Amino acid sequence: MDYGRPDRAERLACEHALGTLRGPARRRFDALLPAHPQLRDALARWQSALMPLASSIAAVQPPARVWTRIESRLFPGTTSTTQWWQRLIVWRAVGGLSAAAAVVMLALWLAQAPPITQPPVVVVLGVNPQVAQAVQARFVASVSPDGRALVLRPIDAPPLTAQQALELWAVPASGAPRSLGLVRADTATTVLRARLLDNTAAFAISIEPAGGSPSGQPTGPIVSLGKLAI
């Protein structure tokens, strides 16, 4: 794989920062970081851009089943809470402080771990290199697993005049793109539309007049685009 291509480096760095790059691909990316300044720079940019989003996530009180999960993992077959604490006391006495620290770390990990659900579809919309004097326009689109909601977050929004707006498009493998409406350049935009992913191969953003495209098709430059990969 050619990691020197800017578009590929940006996509992989974004997936790494989001946590969607997993398994062998993530390990290979981590191993290549020391020898690839371009990968390191791209990862640093995405981490810096995405980190503020974490502050908007509210704390979640862990459910009661967390302790049951801890017990079942440490002592399979144990169902009694009394047996759990009795075994824990004996285990700590034998194992010492290092074993107790492991229990605490496991408890914290399980308490913070979200319920296992199908993850959203994440699409990175990068700069369109085919635009003359390419505009620095980057976005991240998160589509709900059921395909009924999309959240578009600007990373690098292009400069706009008062007579301009950004419009989001669903691009099919063949045929005309479908408008998903105007989107914000300064904050996240939520799009609610049934079957967003149906017949969609990519998402694109164009610069249009303030009220949107007058023709129902992109009329201004497409400044950002990202391929859908499911």
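The values are calculated or read from the model by the stated rules, or taken from the named source; none is laboratory data. Small disclaimer: the values here were computed from a predicted structure and weren't measured. Heads up, the Cβs are rebuilt from the backbone with ideal geometry, glycines too, and the neighbour counts pull from every protein chain shown.
Of the candidates Leu225, Leu192, Leu168, the single residue that is farther than 24 Å from Arg11 by Cβ and under 26 Å from the mean Cα position of the chain (by Cα) is Leu192. Within the range 49-67, is there a residue that is of a type in the set (S, T, N, Q) and either in a helix (DSSP H, G or I) or modelled with pLDDT of 75 or more (or both)? No, the range 49-67 contains no residue that is of a type in the set (S, T, N, Q) and either in a helix (DSSP H, G or I) or modelled with pLDDT of 75 or more (or both).
Residues in the range 145-161 include none that are in contact with a Leu (Cβ under 6 Å, 6 or more places away or on another chain), among the acidic types (Asp, Glu), farther than 22 Å from Ser48 by Cα and not assigned by TED's automatic domain parsing to the domain that holds Arg11. For the subset of the range 180-202 comprising residues that are in a strand (DSSP E or B) and out of contact with any Phe, Trp or Tyr (no Cβ under 7 Å at 6 or more places or on another chain), which member is surrounded by the most Cβ atoms within 10 Å (Cβ to Cβ)? Here the residue is Val183.
Is it the case that the range 141-154 has a residue that's surrounded by 14 or more Cβ atoms within 10 Å (Cβ to Cβ) and more than 18 Å from Leu228 (Cβ to Cβ)? Yes: the range 141-154 contains one or more residues that are surrounded by 14 or more Cβ atoms within 10 Å (Cβ to Cβ) and more than 18 Å from Leu228 (Cβ to Cβ).
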